[in-house]
1. Can you sort 301, 289 by how many other beta carbons sit within 10 Å, fewest first?
2. Could you sort the peptides 36-44, 250-258 by per-residue average Cβ neighbour count (10 Å cutoff), highest mean leading?
3. Just check segment 42-129 against the gyration tensor rule for me: Cα atoms, a ≥ b ≥ c as the square roots of the eigenvalues, rounded for a/c under 1.5, and otherwise prolate or oblate depending on whether a/b exceeds b/c.
4. Using only C-alpha atoms and all pairs of different ones, pull out the Kirkwood radius for segment 233-276 in Å with one decimal.
5. Per the Cauchy relation, a quarter of the hull surface: what is the mean projected area of the convex hull of the alpha carbons in segment 2-72, in nm²?
6. Given 0.36 nm per residue, what is the gain on full extension from residue 160 to residue 117 after removing their alpha carbon distance, in nm?
7. Name the residue, out of 20, 65, 136, whose mean-square fluctuation peaks in a Gaussian network model built on the chain with Cα pairs under 10 Å.
8. To the nearest 20 Debye, how big is the dipole of segment 76-139 about its Cα centre, given +1 on the beta carbon of each Lys and Arg and -1 on that of each Asp and Glu?
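Coordinate-derived values only; no laboratory data. Predicted model, so just to flag it, every value in this text is computed and none were measured. Cβ atoms come from the backbone with ideal geometry, glycine included; neighbour counts cover every protein chain shown.
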Amino acid sequence: MKLVSYKTEDREHLGIFINKHIYNLNSCDKLIPDNMNEFLWGGDELMDHARRVHEAISSGKMEAKEELFFELLAPVTHPTSCRDGYAFRQHVAAARRNRKVDMIPEFDQYPIFYFTNHNAIQGPGEIECMPDHFNKLDFELEVAVVLNKKGRNIKAADADSFIAGYMIMNDMSARTLQMEEMLLNLGPAKGKDFSTVIGPWLVTPDELVSYKTAPKPGHTGNNYNLQMTCAVNGKQVSAGNMADMDWTFAEIIERCAYGCDVLPGDVIGSGTVGTGCFLELNGTGLLNDANYKPQWLQAGDLVEMEITGLGMLGNIIKKVDSDFSILGLKK
């Protein structure tokens, strides 16, 4: 199934996407809440209700009224939290090589993640950026999952059952802000907290069974052979595959849930796929060619991410009409 959040007349709704049409789930089954957050807290029981609606509409046994006028939102508009992992060795190794530092051995010992701003989640459409964001503004091509069960101290062998579905994620990054503040060893903050994009819909795991592939040797959990690309203004700049994840989502969830609760509505990103951002692409380009011209996102750019089975997520970069700079406030 493909589940969506959408807005009509300033009210958010939960829908299901079937054959290029959106249907309101609550209208089809009153036991299904009309918003994604309550739905996720219902776990497998409400997911089964949604599956029955999906089957009934798809088979023609149920006549449902499609939505005609709506604004598509992030599938999970109000996550309980948002974490981002670091699962692709290719990206980490390339970024470190470009900085002329050795690959860090801890990468292969355990998965890591950081918390980002769950109140800055957005879906398709415009991404509003302040002047400082345009100082090396970057995309990051990722996959994300959302949970629909509460758990603590979950083992990787059991963790995939906590995943409600998968989405495309664009972990937007303002690199100058990020690099300056990370010198103080507290991790990304202002370089990341202005926008994290997910969408266009939440794809349930049953839709991806035909793409399932083995995890890397020595790892536990589901993985999928999904091609990942990003184009800027119609030109492809990035290409990778979810199958290249070294750490699985199951292993990342295991670490997230150690000694604390994970909750329905928690969003967890994979981290950037290899070649999945300008920071890596520019570094590699300059390493191979001193005359390479770095590229960063500009106002008006169209960013389109596409992942097999998960759809296409499109955004336009918009510059806020302001001259306010926090970089200018440095002492």
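1. On the way: 301 17, 289 9.
Ordered by Cβ neighbours within 10 Å, fewest first: 289, 301.
2. On the way: 36-44: 19.3, 250-258: 22.2.
For the peptides 36-44, 250-258, the packing ranking is 250-258, 36-44.
3. Numbers: a/c = 2.92, a/b = 2.13, b/c = 1.37.
Because a/c hits 1.5 or more and a/b exceeds b/c, segment 42-129 counts as prolate.
4. Numbers: mean 1/r = 0.0788 Å⁻¹.
Final number for the Kirkwood radius of segment 233-276 is 12.7 Å.
5. Computing the convex hull of the Cα atoms and averaging its projections yields 4.4 nm².
6. On the way: separation 43, 0.36 × 43 = 15.48 nm, distance 2.41 nm.
Separation in residues times 0.36 nm, less the Cα-Cα distance, equals 13.1 nm.
7. Result for the chain, Cα springs under 10 Å: 20 fluctuates most.
8. Values: 7 positive and 8 negative charges, 67 e Å.
For this selection, approximately 320 debye.
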